[in-house]
1. Anything in the stretch 162-176 that is within 17 Å of the chain's Cα centre (by Cα), under 21 Å from L5 (Cα atoms) and either part of a strand (DSSP E or B) or modelled with pLDDT under 95 (or both)? List them, or say none.
2. Criterion first (under 23 Å from Q315 (Cβ atoms), in the same structural domain as G318 (by TED's automatic domain parsing), over 22 Å from the mean Cα position of the chain (by Cα) and crowded, with 18+ Cβ neighbours inside 10 Å) does F338 satisfy it?
3. Does G174 fit the bill of being of a type outside the set (S, T, N, Q), assigned by TED's automatic domain parsing to the domain that holds D221, touching a helix residue (DSSP H, G or I) at 6+ places or on another chain (Cβ under 8 Å) and on the phi > 0 side of the Ramachandran plot?
4. Could you say which residue among N226, N258, N293 is touching a strand residue (DSSP E or B) at 6+ places or on another chain (Cβ under 9 Å) and crowded, with 16+ Cβ neighbours inside 10 Å?
5. Out of the residues in the stretch 33-60 that are part of a strand (DSSP E or B) and not acidic (D, E), state the one that is nearest to Q77 (Cα to Cα).
6. With among the hydrophobic types (A, V, I, L, M, F, W, C), under 26 Å from P410 (Cα atoms) and without any contact (Cβ under 8 Å) to a residue 60 or more places away in the chain as the only criterion, which of L351, L364 stands out?
7. Inspect all residues belonging to the stretch 3-21 and state whether any of them is touching a Lys or Arg at 6+ places or on another chain (Cβ under 6 Å), in a helix (DSSP H, G or I) and surrounded by 20 or more Cβ atoms within 10 Å (Cβ to Cβ).
Amino acid sequence: MKILLVNPQCADTFWSFKYALRFISRKVANPPLGLLTVSALLPGDWEKRVVDMNDISLREEDVGWADLVFIGAMDIQRHSVKHVIRMCQKLNKNMVAGGPLFTSEPEEWDMIDFLVLNEAEITLPWFLNDWEQGNPKHLYQTDEFSSLALSPVPDYYLLNLKKYATLSLQYSRGCPFDCEFCDITALFGRKVRTKTAKQVVAELESLYSLGYRGNIFFVDDNFIGNKVKLKKELLPKLIRWMKMRNHPFRFITEASINLADDAELMTLMVRAGFVSVFVGIETPEEASLAGCNKVQNTQRNLVDDIRRMQHIGLQVSGGFIVGFDDDSPSVFQRQIDFIQRSGIVTAMVGLLNAQKKTRLYQRLEREQRLLDTSSGNNTDFSMNFIPRMNRDKLLSGYRYLLSEIYSCRPYYKRVQHFLKNYRLPGFNNRQLPLSHLWALIRSIFVLGVWKRGQLYYWHLFFWTLFHCPYNFPEAITLAIYGYHFRKIYSIA
C-alpha cells in the first residue's frame, strides 16, 4: 500500500510566524505531528510519504502515486482541505480524514470516503481492520479516550527537518479546567492522560538521532495538568537526559496560570530545558473570567504571577480575548495596560469566536446568536456570533488595542521591560547556529535600515548590549517577532 499523508495549508496568522521565519531561512513554524503519529500507527510495510502544503504545493503526481490519501486538519485549514478534496476526487483517490476539523463537524464532510475521528490510537485500528477485510465504513468515532501508552514514536524521519523552525512532541492530552470557549475538554476530556517518561525520551532520542538540534514544542494544551507525574517522573528524567546530551533542545509549552504557584515545578522545568510557556490570560476583567468559567485566573494578581515565571527563567507568551458578554467599554485600555505592565511580548489578542463542541457554541445556539462557522483564526477580525457589545465599537476597540501594543514604540518598550525582568537559565548554551547569525545580519538591514522604527530597533540593540548582553539573542528574536506581528495586523 502507498499512503500519502497531506497536511493542508494554514492561513497566515499570528502563529504562522511567516514574516519572522524568513530571517532564519525556514518555511514552516511547526510540523504536522498528528499525521506523523498516524503514520507510525499504520502497518510498517506500507510505503508512506508526507506532503506539508505549508512547505510545498500538493501536485497531482503526489496524489496519483497513492492508494490512499490521509488528510489531517484543524479549522484554520478548512479552505485548503477543500482544494485537497477536489484534487483527490479528480484523480478518483480514496480519502481518509481525521483531526479536530472533521471530528467537530463530521456531518459537513460526506464527500470524504472514510472519516476516522477522535483519537487515532482507538479508531484507526478499527478502520485498518475493516479495510483489510474489504468492508470499510464511512465513519469511525468513539466517546472513549485512549491510553497514551498506545501512542508510538511519530515518524519524524518522513520530514525534511531543516524546513521547520520548531519541532513538536506531545506528553499529555486533556485539561482539568473547563473554560466555556475552549473545545479541548470536548475533544480530549478533563482527565489528564500522559505518556511515560520512557516514551518521551524515546521521541527525543529519535529527533536527536536524526540530527535535529533546536526548539521543541510540547503541544500539550496544559502541560502541568498532572503536576505529580511531572515532578516525580518526567522532569527528573528530562534533566538527566538533557545533561547527558549536552542540552541539544530548548523546550516550549502551554500551561495554566497556576504554574506560577509552584516554584519547585517551575525550577524543574527550567532545569529540564524549558525556556518559554504560553498562558491563556484572556482578560483582566474579573466578570468576564467568571462568565466564561476561567476560574483558575480569578482572584489573583496575574501580573505578579507572570513576573514570577519570568524571574525564574521562563518567557511568557499570552493569549488574550475581547468580545466576552461581560466585557465593559474599558476592556480595550485595560488589556493594553495589562500587556504593557506584564512584559508579555508575544501577546496574541483575538476576537472571541465560538468553536463547535464548546459550551459557548451551545449557549449561543440556544440564544440564537450564532452567525456562521468560525474561521479558526481569531485574529482575522471575524466573529461568528452576535456580541453583546455594539459590533462596530468592538471592532474599533480591537483595532485600537492592536495598534497600541504592536506599533514600534510600545512594542519595543515592552521588549525592554521584559528583558529587565527575565533571568536567563544558567545552563543555556549561547552559541548560536549559523541561521541565527544570518537572522541578526538580516535584522540589521531590514529593521535597522529599511523599515520604519529604526531608532527603536537601534535603541534596543545597544541598550541590551550594555545592560544585559546575555539576553541579546532574545532581544533580536523579539524585534523580528514584532516585525511579523505588524505585518499580520497591517500596523504601520
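1. Y164, T166, L167, S168, L169
2. yes
3. yes
4. N226
5. The qualifying residue nearest to Q77 (Cα to Cα) is V51.
6. L351
7. no
For every residue, the table says whether it meets (1) surrounded by fewer than 14 Cβ atoms within 10 Å (Cβ to Cβ); (2) touching a strand residue (DSSP E or B) at 6+ places or on another chain (Cβ under 6 Å).
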{"residue": "E132", "(1), (2)": "yes, no"}
{"residue": "L148", "(1), (2)": "no, yes"}
{"residue": "A165", "(1), (2)": "no, no"}
{"residue": "G174", "(1), (2)": "no, yes"}
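The values are calculated or read from the model by the stated rules, or taken from the named source; none is laboratory data. Predicted model, so just to flag it, every value in this text is computed and none were measured. Positions of Cβ are generated from backbone atoms using ideal geometry, with glycine treated the same way; all protein chains shown enter the neighbour counts.
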